[in-house]
2 protein chains.
Amino acid sequence: MKADILITDTLLLPDPGSKTLIRDACVAIGANRITYAGPMTGCAEIEAEKVIDGHGRLAMPGLVNLHGHAPMTLFRGLADDLELTDWLNNHIFPAEARAVNPEMAYWCSSLAAAEMIASGTTLAADGYFHEHDVARAFEDAGLRAVAAQGIIDFPAPGVPDPGKNIEAAAAFIKTRQLHDSLVRPALFAHSPYTCSNTTLQRAKQLANATGVQLYIHVAETEHEYSLINEPLGPSPIKHLQGLGILDENTICVHCVWTDQEDLQIIAGQGSPVVLCPQSHLKLASGMADLPRMLEMGIRVGLGTDGCASNNSLDMFREMDICAKIQKLHRLDPVAVPATEVLKLATVNGAAISGFPGLTATLAPGSPADLILIDLQQPHLQPFYNGDLLVYAASGADVRTVIIDGRIVMEEGKLLTIDLDEVLQQVRSLATA
Amino acid sequence: MKADILITDTLLLPDPGSKTLIRDACVAIGANRITYAGPMTGCAEIEAEKVIDGHGRLAMPGLVNLHGHAPMTLFRGLADDLELTDWLNNHIFPAEARAVNPEMAYWCSSLAAAEMIASGTTLAADGYFHEHDVARAFEDAGLRAVAAQGIIDFPAPGVPDPGKNIEAAAAFIKTRQLHDSLVRPALFAHSPYTCSNTTLQRAKQLANATGVQLYIHVAETEHEYSLINEPLGPSPIKHLQGLGILDENTICVHCVWTDQEDLQIIAGQGSPVVLCPQSHLKLASGMADLPRMLEMGIRVGLGTDGCASNNSLDMFREMDICAKIQKLHRLDPVAVPATEVLKLATVNGAAISGFPGLTATLAPGSPADLILIDLQQPHLQPFYNGDLLVYAASGADVRTVIIDGRIVMEEGKLLTIDLDEVLQQVRSLATA
């Protein structure tokens, strides 16, 4: 048997949703897919072009970051610890108006891609403007991604006339659907309080007509809830339901301000939910009721949000806080155990992303998106089980990253991104 | 002018409690102390034996971890996501009874020291049993520390007869006070629900007689509150106050279940408080009211707690969660800004530790405890200000660590600890 890549003598977590670890294991990759993942005895006959020594490492599926705004790396740490309206109106919106252009979108998304790959993310869903340039950056980095063009009823970067926001999004989808790449296009309606009913319905029609997903910020803050609640309907979720927007291809990001009826609607429509726990904490949005969502069978994934409101794109950090905050919220140390959080950030994320055949497991036949973690470090020993991936690991422990069978980072070195150039470009934008 | 160590061409955060950054700066160290920290122009005349290139780095004071149980690294991840009584009675207590001995305490504390130094902690306060061996491990690692011998009214590691717990602690203090080292002895009374009134008062008398600090877990859980509230007094804090235990040399660890009267008592007595936010979340203990404590002028520091209940000793992680959780709790994004949290983990921690002259600033004359952070990484660019130290950095970003003027880690390599041997010893203990 032949393979393109063979990882030998490693500790294996083949399915992050289960606690099963396989010691003295190997992983074989051929034609972009996992061909074998199991005990070393099973790979004695495999000859590979590239052999990676996995000793002292853990091999596991890569992480899935289901929500971000990649160009906003430029605004990381620019304005922290502020009231939401002060933050938006006096800092973020002016900075966006001044700084966002196609070149900026490309370089700052390259920085985001570098950060995500370096910290073990192999699939990212993004929503912003100049999304074609975001998609180019992700393509160049070899990152699997969903790139969603923003739709908002205000002048936006690259879309100065909001009357043409659907048209611009349609052009984006059309152009991107010509590319055969790891980056799939989608739409990102900003929110029910920044998009009119007509805009939301037209966005959904465009999504349906082109067969792409529609992402939307919804039920994020109490302020949004009050804006919707008064003139439009009982709640942001019920408002979207009334417009006929919710189905399994509409991904509801945040869902903090949801009641039992809202969650029943989401569950009934099969809409996936994406939580961004760090953003919910840092902006003081509130607590999403993750345990109840899971009890109700809602499909939940995790995202970091843009790094103006986090300020990190490290999904390990996101998992840790996600697990811990739910325990406090319920005053129950058993709530949302580590394995459940690992599943949200891998298996669930992959399923929600809509990539055909993507499982975020190392089952034979799955697309080869995986990472190697260095366990030979003080904070990861002893390593009794995978719980430490949530409660002690960080993105910095990731050494090697493979996406779609291609090594994009090896032993800490990014192979697809010229990091020095990216850092220089972003620094010059930051000081402009 | 001569110096032992000169760090050149660096970005400088001389006082973590202030936002001031100095670009193109240098730091000089002589006779274990900072002799200069400021613009490069001020060090043109300095000749040093050792020059460290600080380009692309941030130099700042090291972090202070005010609460831990170093030997418990052996139980890291052994039992997560469990009810507190299940966790203690069925997992942690049996594991301690089986595994804890002087040799284990030494090796597992060496692992803790390695983890803390590698993640930028230059001063740790510890409380456990076989604390003499913990102190030896810290001494060998060159870590500045407070090592507090445990006192509890149950059979404990090394103290099988609880009737001799004060005696054993007195012997520990006497022995350790003969050492001239960076590790100072102290006492650690386990809690008001595991120590009788007599034991607590004798522990405080011993602390007073020997001039050491008394650390105590207090007001950690609702369960403890109910145990104290019924037979003993209105609250754990009022109970300790009634026993005459509280003063500026009694360090109250946790203080989650405290009301306004409790906090007034703590403020009035001048007792420092140590919060362990990650432990409070993971064990679902509850939320300490940090903003109110600060408003009332209470001296607050941060600790990681033992890594059976966290599971990391990374103080960067602790700072991040500390800042974010308070914003959620108050639904106020302005609550406890990053600079305030940095101050808790440095300046406040140093002052509470009781080390003479220790300021956790880089002011000339201060003991030279400092760290260098690698800013040339995707997640730390752009670097507009020190907020990213809380919201994006992790312990893995620390490259070089200097404690008391001695380089204990250089470019990621631990110089005082044989990490391979420590990992091997701990692994063999973990699989025993």
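Laboratory data are not the source of any read-out in this text; all were calculated from the coordinates shown. Quick caveat: nothing in here was measured; it's all calculated off a predicted structure. When we count neighbours, we look across all protein chains shown, and the Cβ atoms used for this are built from the backbone with ideal geometry, even at glycine.
Results, tabulated for the structure shown:
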item: Average beta-carbon neighbours from other chains, 10 Å sphere, peptide A:366-378; result: 2
item: Rough spin-label spacing in nm, given labels placed 7 Å along Cα→Cβ, for residue B:181 and residue B:384; result: 4.6
item: Gain on full stretching of the segment that runs from residue B:198 to residue B:51 - 0.36 nm per residue minus C-alpha separation; result: 47.4 nm
item: Net lengthening on full extension, residue A:31/residue A:205 (0.36 nm per residue, minus Cα-Cα); result: 59.0 nm
item: Spatially proximal lysines relative to residue B:164 (Cα-Cα < 30 Å; intrachain offsets below 8 disregarded); result: B:174, B:204, B:238
item: Teacher prompt: residue A:102 distances to equivalent labels in other copies, 7 Å Cα→Cβ, nm; result: 7.3
item: Hydrodynamic radius (Kirkwood) for the protein assembly as shown, which is based on Cα pairs only, to one decimal in Å; result: 27.7
item: Violating pairs (Cα-Cα greater than 29 angstrom) within the set A:282/A:343; A:19/B:327; B:343/B:413; A:282/B:282; A:19/A:324; result: A:19/B:327
item: Sites residue A:427 and residue A:222, calculated FRET efficiency, Cβ-Cβ separation with R0 56 Å, nearest 0.05; result: 0.90
item: Simple label model, 7 Å out from Cα along Cβ direction - residue B:24 to residue B:9, nm; result: 1.3
item: Cβ-Cβ FRET estimate between residue A:264 and residue B:295, R0 fixed at 56 Å, reported to 0.05; result: 0.85
item: Label point 7 Å beyond Cα along the C-beta direction, distances from residue B:171 to other copies (nm, shortest first); result: 8.3
item: Of A:229, A:165, A:348, the one that fluctuates the most in a GNM where chain A has Cα springs shorter than 10 Å; result: A:229
item: Under 17 Å from the Cα of residue A:50 - aspartates and glutamates, other chains or at least 8 residues apart; result: A:4, A:9, A:369, A:404, A:410, A:411
item: Kirkwood-based Rg to Rh ratio, the stretch B:63-353, C-alpha trace; result: 0.93
item: Residue mean of other protein chain beta carbons inside 10 Å, B:321-329; result: 6
item: Sites matching GluC sites (Glu not before Pro) across the stretch A:1-71 that sit in DSSP coil, with at most 11 neighbouring C-beta atoms within 10 Å; result: A:45
item: Inter-copy label distances at residue B:365 (7 Å, Cα→Cβ; nm, one decimal); result: 7.4
item: Net charge dipole size for the stretch A:329-432 [Lys, Arg +1 and Asp, Glu -1 on Cβ; Debye, nearest 20]; result: 200
item: Most fluctuating residue given options A:400, A:304, A:221, as computed from a GNM of chain A linking Cα atoms under 10 Å; result: A:221
item: Charge tally in the Cβ shell below 11 Å around residue B:333, where Lys, Arg are +1 and Asp, Glu are -1, residue B:333 excluded; result: -1
item: Fraction of beta bridges assigned by DSSP in the stretch A:63-353 that are antiparallel (%, nearest 5); result: 5
item: Estimated FRET transfer efficiency (residue B:91, residue B:243; beta-carbon r; R0 30 Å; 0.05); result: 0.45
item: Pair residue B:44, residue A:334: separation of 7 Å Cα→Cβ label points (nm); result: 7.0
item: Signed unit charges on C-beta, dipole axis of chain A, positive-most listed residue A:1, A:218, A:308; result: A:1
item: A:85, B:194 arranged by Cβ crowding within 10 Å, fewest neighbours leading; result: A:85, B:194
item: Nearest residue to the symmetry axis between A and B, taken on chain A by its Cβ, in whole Å; result: A:396, 2
